[in-house]
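Presented below is the structure to which this report refers.
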Amino acid sequence: MKKALLIICCTGLIFACGTQKSDTTSQTSSTVASKQLDVTEYAETITSEQLKTDLYIYASDEFEGRGTGDPGQKKAVNFLKERYIALGIPAAQSNNDYFQNVPLEKLGAPDVSFSVNNKDYKTVDDFVSISSPKDGSLNTNEIIYAGYGIEDDAYSSYTDLDIKGKIVFIKSGEPIDADGNYVITGTKEGSKWSNFRQAYASKRDIAKEKGAAALLVYYPEIYAMATARFGGASGAISLKGNADDMYYFLVNTDLAKNILPSIETEEKNQTIKMPVRLEYKNVSEQISSENVAAIIKGSEKPEEYIVISAHLDHEGIKNGEIYNGADDDGSGSVALLEIADAFKTAVKNGQGPKRSIVFLHVTGEEKGLLGSRYYTDIDPIFPLANTVANLNIDMIGRVDPKHEDGDGNYVYLIGSDKLSSELHTISEEVNNKYMQMEFDYTFNADDDPNRFYYRSDHYNFAKNNIPVIFYFNGTHADYHKPTDTPDKIRYDLLQNRTRLIFYTAWELANRDNRIVVDKATE
């Protein structure tokens, strides 16, 4: 009997121990699952204190405004590299180099010989080159006048015109009917073709797409400004060997009326017979700059990539004053470091992202999105086809005048719905769940005159049909001035916006399926 009781007791103890072990295992699994779902502990590693510490270094006078190719920019890239090394986050490139070299050239004043209708013209006095075309020459006996140079659903200046390989001459503005209404809008209000920023770029792009060899633009309202900016050795920087194919000149009134005396009133397309001789030679200096790229490899889908970007450069030193660029884009640069640190903390806890996260600091944004263009168009470190999304951060540390009366808990979002409806929905849902921030989509409008969608590094990803979100606090009184300093940053807002971007990247990286591109462009 005692033996039987002993067996029964022992058996019970075994089952009790087994049950206890099972319960413990269950609790452990539950805890891990809970931690995987609750990412706030990682987001909360992003702090205003660390952002402030980094930014006071990154936007200090020691970094000399981080001018592209200048000594201060070299200090900036080394600072970023050392921070990634300290965080234990490896270089993105297979050779373990954090620097992706971006070959550039700094342009001096071009050497141009230009004769129209047997009369010689001088640069600055009579015309100004506002592009960086290749060395070359043009010799022709005709100029194609294309009126306003507009291509729109409601009006086209190029109907029945073949301008491929030709010199094209256009003027500013857009057509107005006999009642004083703009033809394109049908109202007294002009369209984008009357907006300087949009018209300036759009008319150029249309002529380029149609194959024009050269574009001459009569735009007297901005001629003085253009000569001041482009007339001398302005130090314009471009990707080496990536000069434009089309010559693009603004011309003064004397030259314009030599070509077409009735230019002020003439709208009808016509071929103007007259000799034109152009000799163009660039004067340039080769310089070097770098993108900085680090990566956290995905645990399940390492060959799919979320790229988070910010530009590392700013305006450098002008007239002896340092342009520190604390908001533009020191705020984005240090935010990227903190996001990387948060993901690395998750990795250390065995909860790293399923997809790979690429931390990309690009150079030359202030010079024309050069570093990001080099990455997407010339030397992608990772295949663009495998790039799920780009989250681009450019100025997230301040408050613009529109939001000064509020608490500042906002951010402008640009591009989230342009290519992927799913990305836009995810972005909204993540914000509602974690941050409850005001999303302002003002600059996301297709007719936004500021054209911010085209003016930061995300655009080079978007043009390749990679869904993007551009995070932006709007411009302010210190934008592109030496007064953009770290003491003016709202570090509480910088922290919150950085956490928002982390949460969004986390969701994109850990979803079962990559987001769908349902609005791809041709």
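The numbers here are math on the coordinates, done by the rules we state, and not lab data. Predicted model, so just to flag it, every value in this text is computed and none were measured. FYI the Cβ positions are ideal-geometry reconstructions off the backbone, even for glycines, and counts take in every protein chain you see.
In percent, how large is the relative contact order of the stretch 141-269, given Cα pairs closer than 8 Å and 6 or more residues apart?
Numbers: 176 pairs, mean separation 35.3, N = 129.
Averaging sequence separation for qualifying contacts and normalising by length gives 27 percent for the stretch 141-269.
With θ taken as phi - 60° and the coefficients 6.51, -1.76 and 1.60, list the Karplus ³J(HN,Hα) couplings across the stretch 379-394 in order, rounded to whole Hz; mark glycine and proline as x.
Ordered by residue, 3J(HN,Hα) equals 9, x, 5, 10, x, 5, 5, 9, 8, 6, 6, 10, 9, 10, 10, 9 Hz.
Starting from the Cα of residue 402, draw a straight line to each of the lysines and keep only those under 20 Å, dropping any in the same chain fewer than 8 residues away.
Filter leaves 481, 488.
If you average the sequence gap of Cα pairs under 8 Å that are 6 or more apart and divide by the length of the chain, what percent do you get for the contact order?
20 percent
Distance between the C-alpha centers of the stretch 331-346 and the stretch 245-319? Whole Å please.
What the calculation gives is 33 Å, centre to centre.
For each pair in 297/519; 210/281; 240/273; 119/208; 344/367; 348/519, compute the distance between the two Cα atoms and list the pairs where it is over 30 Å.
240/273; 344/367; 348/519
What list of ³J(HN,Hα) values in whole Hz, one per residue of the stretch 308-317 in order, does the Karplus curve 6.51 cos²θ - 1.76 cosθ + 1.60 (θ = phi - 60°) give from phi, with Gly and Pro shown as x?
Whole-Hz 3J(HN,Hα) from phi for the stretch 308-317: 10, 10, 7, 8, 8, 9, 8, 8, x, 10.
Using modelled backbone amide H atoms (1.01 Å from N, in-plane), which distant-in-sequence or interchain residues come within less than 5 Å of residue 410's amide H?
Result for residue 410 returns 438.
Filter the trypsin sites (Lys or Arg not before Pro) in the stretch 154-232 to those in DSSP coil with at most 10 other Cβ atoms within 10 Å of their Cβ, and list the result.
164, 188
How big is the gap, in Å, between the Cα center of the stretch 471-489 and the Cα center of the stretch 78-145?
With the stretch 471-489 and the stretch 78-145 each reduced to a Cα centre, they are spaced 27 Å.
What net charge is computed for the residues neighbouring residue 352, neighbours being all others with C-beta under 9 Å from the C-beta of residue 352, Lys and Arg scored +1, Asp and Glu -1? Could the numbers behind the result be given before it?
Numbers: positive: 297, 344, 348, 354; negative: none.
Once all neighbours under 9 Å are counted, the net charge is +4.
Going by a ≥ b ≥ c, the root eigenvalues of the Cα gyration tensor, does the stretch 307-457 fall in the rounded group (a/c under 1.5), the prolate group (a/b larger than b/c) or the oblate group?
Working: a/c = 1.33, a/b = 1.09, b/c = 1.22.
Judged from the Cα gyration tensor, the stretch 307-457 comes out rounded (a/c under 1.5).
Give the aspartates and glutamates reachable from residue 192 as a straight Cα distance under 18 Å; neighbours fewer than 8 places away on the same chain don't count.
Candidates past the 8-residue exclusion: 151, 152, 153, 174, 177, 205, 221, 446, 447, 448.
Straight-line reach from residue 354: which aspartates and glutamates have a Cα under 12 Å away, not including same-chain ones fewer than 8 places off?
Cα-Cα hits under 12 Å: 300, 303, 304, 507, 512.
What is the set of long-range amide H partners of residue 166 at a cut-off below 5 Å, with H atoms built 1.01 Å from backbone N?
It is 213, 214, by chain and number.
5 Å is the cut-off here: which amide hydrogens, built 1.01 Å from N in the peptide plane, fall below it relative to residue 287, excluding neighbours closer than 5 in sequence?
Correct list: 104, 105, 106.
Of the listed values (1) 25.1; (2) 25.7; (3) 24.0, grab the one calculated as Kirkwood radius over Cα pairs in Å from the structure here.
(2)
With the cut-off at 1.5 for a/c, could you classify the stretch 280-382 from its C-alpha gyration tensor as rounded, prolate or oblate?
Oblate shape, in that a/c is at least 1.5 and b/c is the bigger or equal ratio.
Quick check: from the Cα gyration tensor, does the stretch 69-159 come out rounded (a/c under 1.5), prolate or oblate?
Working: a/c = 3.79, a/b = 2.19, b/c = 1.73.
Here the stretch 69-159 falls in the prolate category.
Could you compute the net charge surrounding residue 66? Neighbours are other residues with a C-beta less than 10 Å from the C-beta of residue 66; K and R count +1, D and E count -1.
Taking every Cβ under 10 Å from that of residue 66, the sum is -4.
For the stretch 440-446, what does the Karplus curve 6.51 cos²θ - 1.76 cosθ + 1.60, with θ = phi - 60°, yield as ³J(HN,Hα) per residue in whole Hz, taken in order and with x for Gly and Pro?
After applying 6.51 cos²θ - 1.76 cosθ + 1.60, I find 9, 9, 3, 7, 8, 4, 4 Hz.
Kindly work out what percent of the DSSP beta bridges joining two residues of the stretch 155-304 are antiparallel, to the nearest 5. Working shown, then result.
Working: 1 of 11 bridges.
Just about 10 percent of them are antiparallel.
What fraction of the DSSP beta bridges in the chain is antiparallel, stated in percent and rounded to the nearest 5?
So the antiparallel bridges in the chain amount to around 60 percent.
Cβ under 9 Å from residue 284's Cβ, residue 284 left aside: what net charge do those residues give with Lys, Arg +1 and Asp, Glu -1?
After counting each charged neighbour, the total is 0.
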